[in-house]
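The values are calculated or read from the model by the stated rules, or taken from the named source; none is laboratory data. If you're wondering where the values come from, they're calculated on a predicted model, not measured in any experiment. Ideal geometry is used to build each Cβ from the backbone, glycine not excepted, and the neighbour counts take in all protein chains shown.
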Amino acid sequence: MNGQESKFKMVRFQKGSFPLIEGQPSEDYFFIIKQGKVRQFTTSINIGSQSELILNEGDFFGVISCMAYRSRLHSIEMLEDTIAIMVKRDDFNYLIEKNAPIALKILRYFSKQLRYFNALLTELSLKSYTTENPIHLYDLGEYYDSKKMQFNHAAYAFYQYIKHNPEGNYVPLAKSKLSKIITNHRDKLHLEPRREDNYIYYYEDSQIIFLEHELGNNLFIIQEGEVKISKVENKQEVLLNILKQGDIFGEMAILENKPRNATAVASGKVKLMAVSRENFVNIVGNHPQIATKIISLLSERIWFIHRHITNMMIADPETRLYDAFHILLMKGRVNIAGGGPFTFDVGFDDMLRFTGLENTSSGFSALRTIMEVDKTTFGLKAGKIVCYDIRKIEEKMAMVRRNRELQNKRNLPQ
């Protein structure tokens, strides 16, 4: 760390010790390995290759929960006697100022994590996953044109297909379909944002910011409004996230130089600040507080999608829906114990997409039952789901946890 260790505490861990345990409350520090070998693992869910990682010199652990102010996602076991540098949350700006490559390493690691988790979440929701490639933009155009009748989305997809695949097999068809949409819906199309000072972008409601599979050169910081992040697979759509003012998205394309792995659409009028790939490294090096903000936001997103994946593994539709409401309350850091009403950022259809239940009769019936059986608890307001007393959600989840504990006890060998 270029001689800056004196600012930070050096901690020695014995082989076989477990300094961090999954589910523990967050602390205000994380660690960078100076010497030794560490196993990072999770037992609550199976997340494939990311369920267990071996970390070595220069790697880090505990960053996500520390920077997101959330409970620990992983347990840590020392495979060797290990020396690590403890970094306090309040000292992170100083760390980046003196060693910008650390921030870029964390950001690239987070980007790969998010790409992996998005793929896993899509596979859990829609039972398949298509690797990002601009040739699939034509398929998206067909989906929006034929199935969804969302002609603005379809026009954007066909336009991007032609742009990214000038020699593609479907270019003549894409041009024909785009021309037809423009002829029939010219007054309603918004293919480009309105720009101000070359880095402030304005989008109309339901306007596409970018599509999965297209190449990108910018990440975006939301100045005003909300953005929905979704993914289409096998002509089905899953809602991955709803982002608000201050959130950052689109970072994966510029950190990894790969196609976008999700679609971003304006939900209402949206104002964004764009940061290009060329400017990003300079910003991280010269403005450590911005890098810290980005890492904190990405930590929150990783924690949230990890929790979302856990939700998708719940078999019972009603329990999955209640758990999803609980996740959204946690995401908003709502004081559940205080009770009272809360308006979610999702409507009926969005909730089904968020839980992967959109095309299942059991999911539709379960949500309709939740909404209709006790109208003093749930309702709709301006198309958004409202819970009139959020303690009811916590009571339901407490009952689920008790039942799960009883089931686990029954499964223990006698």
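On the basis of being surrounded by 15 or more Cβ atoms within 10 Å (Cβ to Cβ) and either of a type in the set (Val, Ile, Thr) or part of a helix (DSSP H, G or I) (or both), does Lys177 make the cut?
Working: surrounded by 15 or more Cβ atoms within 10 Å (Cβ to Cβ): yes; either of a type in the set (Val, Ile, Thr) or part of a helix (DSSP H, G or I) (or both): yes.
Judged against the criteria, Lys177 is a match.
Among the criteria (1) farther than 19 Å from Ser299 by Cβ; (2) touching a Leu at 6+ places or on another chain (Cβ under 8 Å); (3) without any contact (Cβ under 8 Å) to a residue 60 or more places away in the chain, the one Thr43 does not fulfil is (2).
Residues in the range 329-348 that are closer than 22 Å to Leu120 by Cβ and crowded, with 17+ Cβ neighbours inside 10 Å were compared, and the one that is farthest from the chain's Cα centre (by Cα) is Val346. Checking each residue in the range 168-192 for being within 27 Å of Ile222 (Cβ to Cβ) and either of a type in the set (A, V, I, L, M, F, W, C) or without any contact (Cβ under 8 Å) to a residue 24 or more places away in the chain (or both) picks out Leu189, Leu191, Glu192. Picking from residues in the range 349-400 that are assigned to a strand (DSSP E or B) and basic (Lys, Arg), the one that is surrounded by the fewest Cβ atoms within 10 Å (Cβ to Cβ) is Lys381.
Residue by residue, here is whether (1) over 24 Å from the mean Cα position of the chain (by Cα); (2) in a strand (DSSP E or B); (3) crowded, with 17+ Cβ neighbours inside 10 Å holds:
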residue	(1), (2), (3)
Ile33	yes, yes, yes
Gly58	yes, no, no
Ser65	no, no, yes
Asp90	yes, no, no
Tyr94	yes, no, no
Ala103	no, no, yes
Tyr129	no, no, yes
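Residue-wise test of (1) modelled with pLDDT of 95 or more; (2) more than 16 Å from the chain's Cα centre (by Cα).
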| position | (1), (2) |
| --- | --- |
| Val238 | no, no |
| Met252 | no, no |
| Glu256 | no, yes |
| Lys271 | yes, yes |
| Ile305 | no, no |
| Ile314 | no, yes |
| Glu318 | no, yes |
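Comparison of Asn118, Asn99 shows that the only residue that is at pLDDT below 90 and closer than 17 Å to Gly250 by Cβ is Asn118. Of the candidates Leu412, Leu367, Leu406, the single residue that is at pLDDT 85 or above and not basic (Lys, Arg) is Leu367.
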